[in-house]
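The values are calculated or read from the model by the stated rules, or taken from the named source; none is laboratory data. This structure is a prediction, so every number in the text was calculated from the model and none was measured. Neighbour counts run over all protein chains shown; Cβ positions are idealised from the backbone, glycine included. Only protein heavy atoms, including side chains, enter the accessible area calculation; ligands, DNA and RNA are left aside. Shrake-Rupley method; radii C 1.70, N 1.55, O 1.52, S 1.80 Å.
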Amino acid sequence: MTEKSGVICSKCSRRAVFSSKGSGIRLCREHFLQDFEIRVSRTVENNGMIRDGERIAVAVSGGKDSTALLLSLHRMLADRNVEMVAVTVDEGIAGYRDDTILAARQICSRLGVEQVIVSFREEFGCDLDEMVRGKNVAPCTYCGVFRKNALNRTAKLLHADKVATGHNLDDEAQTVMMNYLKGDYERLMRFRPRQARSGLVARIKPLREMPEKEIALYCMVNGAFFPSRECPYADLSLRADVRDMMNRLESLFPGVKRTTVGGFVDIISAASGCFSQVELGACRQCGEPCVEGLCKACELLDGIKRRS
C-alpha cells in the first residue's frame, strides 16, 4: 500500500503507490485517486444516494473515514446542485476527541465546507466519560445511541435531506458478522437499506464498498491524513474482536470481507417481502422517532439520572 521504487503503475510509467493482491493492479498517485473516486461515485449513482437540489449533512469526526468521505464528495459534487454541511459530534472523550475535532475543523476549512459542532454535553447534559464513569456499562452502546440521536436532530435543524456517514467495507462486514454471531436476525434485517421514515433523516454510506486500507491511503496521498489515538473505549466492544478476526481472515483469504457483505445482500434478496419495517411513533419525552413510547436515548438518560 506504500510507494516503492521499481514498482510501476499498470496504467502509466509512474511509480505505484497502490497494489491490489486480488487483481494484481498497481496504480500511481493520480490513477489511484481517479480509481477511488470513480468507485465511490459509482456507489452513489447506482444506489441513487444523492440527487440534485439536495442538502447533505456529512458526519465528519476528523478520522480517516469521514475525512475521505468529505474529500471525495466535495470533488464529486463540485459541478452539481448539491449543498453540503459538515456535522461533527463531540462525545466528550478526554485525550481523544480534542485531536479529531481539530482535524475535522482543518479539513472543513480547507474545503470551504460549513461545519456545525454539537456536543453530548449540550444535547444531553453530560459527556460520555461522565455517563460511563464508575458504572458497569458498555460505552459503545451509549456512544452509538446518543451520536445517532444528535446527528438526526441536528440534520433536521439544518434542513438536510440526507446524512452521509463514513462507514466503509470493513465496517459493513464487521456489522454483518457481529449480528451473525449474536443470532440477531431482526437487527441484521434492520441493517439493510430502508425506505424513508417519518422523523428520520435518510442515511447514506458512499464509502460502503471501499476497504479501510484504501481509505487511509486516499487520505495520505491527499495530504489529509491526521494521525490520532484510538478511542480508549474501542477495545471494550465485541466489534474490536470481530474486527481482528476479519482482518486475520482477509489476510489469509483475500476478499473475504467483500464476500461477507455480498452474502448478506443475497440474504436480503431471499428474504424480500418476509420482513417489514417497524412503524415508528414519537418519543413521549423528546419527540424523536422510536418503536415504543420512549426512545433509546431517553431510556438511557433516565437510567443515568437514577444512578447519579
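The condition (being of a type in the set (Val, Ile, Thr) and farther than 23 Å from Arg39 by Cβ) is satisfied by just one residue among Val221, Val176, Val145: Val145.
Quick one: would you say Arg203 is surrounded by 15 or more Cβ atoms within 10 Å (Cβ to Cβ), touching a residue at least 24 places away in the same chain (Cβ under 8 Å) and among the charged types (D, E, K, R)? The answer is yes for Arg203. When each of His159, His167 is tested for being within 25 Å of Met220 (Cα to Cα), in a loop (DSSP other than H, G, I, E, B) and either in contact with a strand residue (DSSP E or B) (Cβ under 6 Å, 6 or more places away or on another chain) or open to solvent by 70 Å² or more (accessible area, probe 1.4 Å) (or both), the lone residue that passes is His167. Suppose the filter is small (Gly, Ala, Ser), at pLDDT below 90 and open to solvent by 60 Å² or more (accessible area, probe 1.4 Å); does Ser308 pass it? Taking the combined requirement at face value, the residue satisfies it.
If we keep just the residues of the range 11-38 that are in a loop (DSSP other than H, G, I, E, B) and more than 23 Å from Arg75 (Cβ to Cβ), which is modelled with the highest pLDDT? Out of the qualifying residues, it is Ser13. The strands (runs of 3 or more DSSP E) falling completely within the range 52-146 that include 1 or more residues that are touching a residue at least 60 places away in the same chain (Cβ under 8 Å) map to 55-59, 83-90. Going through (1) among the polar types (S, T, N, Q); (2) open to solvent by less than 60 Å² (accessible area, probe 1.4 Å); (3) over 21 Å from the mean Cα position of the chain (by Cα) one by one, Ser269 falls short only on (2).
Residues in the range 3-51 that are among the polar types (S, T, N, Q) and touching a residue at least 40 places away in the same chain (Cβ under 8 Å) were compared, and the one that is least open to solvent (accessible area, probe 1.4 Å) is Thr43.
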